[in-house]
Amino acid sequence: MVGAVVGVLALVMWSRSIGSGTVYADLVDHFPNAVQKRPTPDVFVVGDVTIAGRTLKSIGVAQASRIVWKEKIPSNAWLEVSLGVREEAWARQGDGVLFLVGISHPGKDGNMEYVELVSLIVNPFGNPADRQWYPLMLDLSPYTGQEVEVILNTRPGAGDASPDNDLAVWGAPSIVTR
């Protein structure tokens, strides 16, 4: 677990140092075309969200959720997304949000295979260092030329976590090329 956190933090620092590429697919704009919006489409809120003074075009949700887009992955593609919890939840009792980012792609046997790219708990109530956006940049080059499912899930934090004050936000999710 510690290794995963260190790896994610290293990725965050690296992604901040290299800047953004050219947007190939803005997933906020593509939200109406998502092939799954669970539990129901009406639980999601699309709009600008400010966390720690930084505003991003976002998709927010206040419960366990799943969003899936089908996208054909271009060459030199990366998935950029920032993870956060709305500021109004920071001072309310809660145990954080588990963010999961994954890809389902055609496997060698023709069946879809799921690959988890990130699993991270953001808990601004219990950990003041989580009162920020966590920008991620995930390499999609192994899927170049494939039509894949880009999957964003949220769940209550670890163990017997409750969904109380789980005001999760996906900030500016997009597929970019470099």
query = Got a sec? Which strands (runs of 3 or more DSSP E) wholly within region 63-178 have at least 1 residues that are more than 20 Å from residue 38 (Cα to Cα) and within 13 Å of the chain's Cα centre (by Cα)?
reply = 77-85, 112-122, 134-139, 168-177
key: Selected residue (criterion: surrounded by the fewest Cβ atoms within 10 Å (Cβ to Cβ)) from residues of region 150-178 that are of a type in the set (D, E, K, R) and modelled with pLDDT under 80   = 160
query = When you go through (1) out of contact with any Leu (no Cβ under 9 Å at 6 or more places or on another chain); (2) modelled with pLDDT under 95 one by one for residue 45, which number turns out not to apply?
reply = (2)
note = When (1) out of contact with any Pro (no Cβ under 8 Å at 6 or more places or on another chain); (2) modelled with pLDDT of 95 or more are applied to residue 106, the one that fails is (2)
inquiry  = Show the residue pairs meeting these rules: Cβ distance below 9 Å; 6+ apart or different chains; first residue within region 51-73 and under 27 Å from residue 162 (Cα atoms); second residue modelled with pLDDT under 95 and polar (S, T, N, Q).
reply    = 62/165
ask   = If you scan region 131-165, which residues turn out to be under 30 Å from residue 73 (Cβ atoms) and among the charged types (D, E, K, R)?
value = 139, 147, 149, 155
task = Working only within region 39-62, note down all residues that are surrounded by fewer than 16 Cβ atoms within 10 Å (Cβ to Cβ), assigned to a strand (DSSP E or B), out of contact with any helix residue (DSSP H, G or I) (no Cβ under 6 Å at 6 or more places or on another chain) and of a type outside the set (Ser, Thr, Tyr).
result = 45, 47, 48, 54
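The values are calculated or read from the model by the stated rules, or taken from the named source; none is laboratory data. All figures in this text were calculated on a predicted structure; none of them were measured in a lab. We place every Cβ from the backbone using ideal geometry, glycine too, and count neighbours over all the protein chains shown.
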